[in-house]
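Participant: Starting off with a structure, shown below.
The values are calculated or read from the model by the stated rules, or taken from the named source; none is laboratory data. Since this is a predicted model, take the numbers as computed values, not measurements. For neighbour counting, all protein chains shown are included, and Cβ atoms are generated from backbone atoms with ideal geometry for every residue, glycine included. With ligands, DNA and RNA removed, areas are computed over all heavy atoms of the protein, side chains included. Shrake-Rupley method; radii C 1.70, N 1.55, O 1.52, S 1.80 Å.
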Amino acid sequence: MKTYLVLLLSLVLGNVAFAQTPAEPSQVIVTGEGRVKATPDQAWITIGAESRSKVSKEAQQRNAEAMTAVQQKIAGFGVPKEAIRTTAIDLQVEFDYANGKQTPRGYVARNTIEVRIDDLAKLGDVLDAVVGSGATTIHGLRFDVKQREQLELSALQAGVKQALAKAQAIATGAGRAVDRVLKVEESFTGQDGPRPMMMERAFAKADASTPVAAGELEIRAQVRVTVAIK
């Protein structure tokens with residue numbers, strides 16, 4: 001009987017202790033967005049060379065010579081080797097079609113590189129020079145900033161600040177106050193600014209640099225903040 005009473009008392013006390021466990025604090029979940037604008041100081045451009053011949057080896061040789069000349073021109077503007085990378089090498093057979101038949105015409109060899117330009121003042125001159133040295137295509141021009149990481153951090157800080165201001169407004173409206181931040185989640189939404197663009201091979205004047213407008217970039221960051229209110 002004594003053992004039964006002790007067990008019953010333990011169960012009662014256990015239930016009381018469980019009932020007195022503090023409830024989870026009230027929470028508010030808000031989002032914020034930070035935006036930072038910057039002038040681009042870096043550009044990437046894709047440059048290609050295309051060569052043809054009835055003999056595959058000759059097409060490849062001509063293409064190698066053309067791309068070598070292009071890269072030498074680029075290097076002449078002080079662009080370092082690490083700023084140039086090959087993105088594609090291609091060799092294909094071309095055909096003529098007549099009366100439902102296809103006849104091999106020859107081979108076309110292509111070589112494509114992506115070039116990073118760290119001095120935008122030279123960009124127009126580089127574009128003109130590579131076309132004159134053997135490049136047959138120029139496309140995919142895009143801009144960026146060298147100090148992107150710092151700008152992303154600034155955007156994050158602005159996003160958190162906006163989110164906390166929202167949380168404070170909600171808490172105040174409810175007659176409460178923000179107690180503490182429980183969780184912060186972030187996700188960069190990318191950038192708004194100059195979009196990749198296609199560029200024509202032919203330029204107006206050989207003695208004039210191709211005009212290139214970098215415009216302005218906007219780096220955005222979104223955050224989701226969970227706060228406890230009291």
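Participant: Sort 125-137, 50-62, 170-182 by packing, meaning the average of other beta carbons within 10 Å per residue, with the highest value first.
Facilitator: Details: 125-137: 19.7, 50-62: 15.7, 170-182: 12.7.
Highest mean packing first, the order is 125-137, 50-62, 170-182.
Participant: Lys/Arg Cβ at +1, Asp/Glu Cβ at -1, dipole of the range 120-169 taken about the Cα centre: which of Ala155, Ala167, Ala129 is farthest positive-ward?
Facilitator: Positive-most Cα among the choices belongs to Ala167.
Participant: When you count, for each residue, the other Cβ atoms within 10 Å and take the mean per peptide, how do 154-164, 32-42, 97-107 rank with the highest first? Intermediate results must be reported in sequence, preceding the final value.
Facilitator: Values: 154-164: 19.3, 32-42: 17.6, 97-107: 10.1.
Result, highest mean first: 154-164, 32-42, 97-107.
Participant: For the range 30-156, give the percent of accessible area contributed by carbon and sulfur heavy atoms, probe 1.4 Å, rounded to a whole number. Before the final figure, lay out each step's value.
Facilitator: Values: 3310 of 6900 Å².
Taking all protein chains in place, the range 30-156 shows 48 percent carbon and sulfur surface.
Participant: Would the range 61-173 count as rounded, prolate or oblate if I go by the C-alpha gyration tensor, calling it rounded below 1.5 in a/c and otherwise prolate when a/b exceeds b/c, oblate otherwise? Spell out each step's value before the answer.
Facilitator: Working: a/c = 4.52, a/b = 2.05, b/c = 2.20.
Note, shape of the range 61-173 comes out oblate.
Participant: Lys and Arg at +1, Asp and Glu at -1: add these up for the other residues within a Cβ distance under 12 Å of Gly76 and post the number. Don't jump to the answer; show the numbers that get you there.
Facilitator: Working: positive: Lys73, Lys122; negative: Asp125.
Every neighbour counted, the sum reads +1.
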